1. Determine the sum of side-chain charges near Ala260: Lys and Arg each +1, Asp and Glu each -1, restricted to other residues whose C-beta is under 14 angstrom from that of Ala260.
2. How many nm separate the modelled label positions at Gln306 and Gln341, each set 7 Å beyond the Cα in the direction of the Cβ?
3. How much net charge surrounds Ala292 when only other residues with a Cβ under 13 Å from its Cβ are counted (Lys, Arg +1; Asp, Glu -1)?
4. Work through the residues other than Gln306 whose Cβ is under 10 Å from its Cβ and net out their charges, Lys, Arg +1 and Asp, Glu -1.
5. Show me the GluC sites (Glu not before Pro) within the range 67-127 that DSSP assigns to loop and that have at most 11 other Cβ atoms within 10 Å of their Cβ.
6. Going by average Cβ neighbours within 10 Å, how do the peptides 512-521, 333-342 rank, with the highest at the top?
7. Once the Cα atoms of the chain are picked out, what are the Rg and Dmax in Å?
8. Using the basic label-point model (7 angstrom from Cα toward the beta carbon), what is the Lys374 to Gln334 distance in nanometres?
Amino acid sequence: MRSISSLTALALASGAVAVGVAAPAVAADRPVVLDRGHIDLFEVSYDQASTGLKLQVKDDTGLHDPGATYRQPEDVTIAVDDELAALTIPEGLSESYAFLGEPGDVVYNLPQTQNPQLPWPGWSTERLTSTLPAGTTLADGMPVRLAVEVEGPGALHTFMNGSGGEVVNHYVDSSDGGPDIIPVSASSHVHTQWIFTELGDYTLRVTPSAQLSGGGTLAGTPATYHIRVGDPAPADLGVEVTASKPDATYLYGQGITLTAAPTGPTDLDHYHWFIKRAGSPDYVISNASSTAELKLPTSLVWDGAQVYANLYDHAHNVVASSEPLTLHVSQLPQVTTLTAQADKASYAVGETAHFTSSQSPETGEDHFHWYLRKPGEEFYTYIPDSNQATADLPVTADLQGAEVVARLFDHDHAVIAESAPVVVSLTGDAAPTPPPAAGKAVSQVDVKIKPTRLTARKRAKVKVAVTVPLAPGTAVSGKVVIRDGGKKIAAKAVKANGKVVIRLPRLRAGKHAITVVYKGDATTEKSRTTHVVKVRR
């Protein structure tokens, strides 16, 4: 992986290999893929048929045809090898490079000077004057204007390095929402630095125009360009989620297992699951699984819950999402009263607690399991090897106040009786109450994301409020980082009142797990919250 070691290194860097994992993009490549060589990406000429300016791609790479070939922009994909293009932002870089990100961030660079292993895109008006109608002349200076609009997973920057290594001619900066204007002189041929802040697909809509010496303007037809940073994604990939029971309908006690599967061939296998319980407005990411299988603990809270899965590439971009699946959970009538009891009123750490159960009336059923719920936990977990009417539990210091229940099952593993919980008590000297954590205060992050109806062409604003619940009004400092899945997409320092507004880059259509992380400060613990945002096309 390359690192910018000086202000001029961006202009000089070429040919170093990055250590990392390529990430699939999320759009299909166009018929002609150019992954190295000289390319006048924005080649401007006059088109007699349309009586206006025309954009083409002058392909000098020789990859597909010998010599220079003029191609339609809509037929071309510029493919960037992310390992070769990766640059790590170092400490101490000039302030003029602040737009690249923070030290340690990785960006992807097509350098101003040619690296023969990478595409070398630029722009050219070398043919423009000779193709103009007789008597038509351009204004002096830089009469040609290229209006550039960018959609992509991150920001695109084009700029040059000045004589002292500083940034000059920073014409394209898509982080501000654009469009940006590239001014070009007549008969000009320009190459520049290209920086992409994230892996994925970038779509550029470029519109040419030119000022005439007599004061008029030559207009041109917009052209659409495709630049892919990283590997291509599998085509037409989706995700299907199936339940272990027909129609995702379960009886209380039956294990809920959901399985995600891609709809096409792929070697990707990293998933996250999102659950929205009945009555809840938001999906919440599950910490129970990052694989294709999700197992949910026995609970009636899953009745009416909706679950979907996202499949991620190696850069943690969402490449496919399933449709939500609704769970149905009901409980059979209790056929007996099941009573559980412990053999002692309290235990010392290191002892073994012995539990017994009894039925009233007796049913003849003998399929038991025992479950434990420690303080602070929402769900009970199975006690290993507890398949009888009795159970043993080794006593540890974290069991003070824990609850133990017995469940009786039928032949289909549905609960037909459940005991009241037995509360575990430890002797005072064996299980001292741990002292409260010293030092930092606990923080809380509250977030509002607007607009609520978000499209791929809009940029969301995230309003963040960091508070200290136990000490309202406490001043906080530090930084908030926002991630889309595992990918960092924004960061900003909070004000003393704990508030900050952060504008996100444009997000692709689909569902995004937006995690807002407050990094904490010298006196305040870090905290986070995750919201699922749906972006429409």
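Computed from the coordinates by the stated procedures, all read-outs in this text should not be read as laboratory data. What you are looking at is a predicted structure, and each value in this text was computed from that prediction instead of being measured. Note that each Cβ is placed from the backbone with ideal geometry, even for glycine, and that neighbours are counted across all protein chains shown.
1. Every neighbour counted, the sum reads -2.
2. According to this spin-label approximation, the distance is 4.9 nm.
3. Value of the local net charge: -3.
4. Numbers: positive: Lys276, Arg277; negative: Glu323.
Taking every other residue near Gln306 into account, the sum is +1.
5. Passing both the DSSP loop test and the Cβ count: Glu91.
6. In decreasing order of mean packing, 512-521, 333-342 become 512-521, 333-342.
7. 30.8, 106
8. With each label placed 7 Å out from Cα toward Cβ, I get 2.8 nm.
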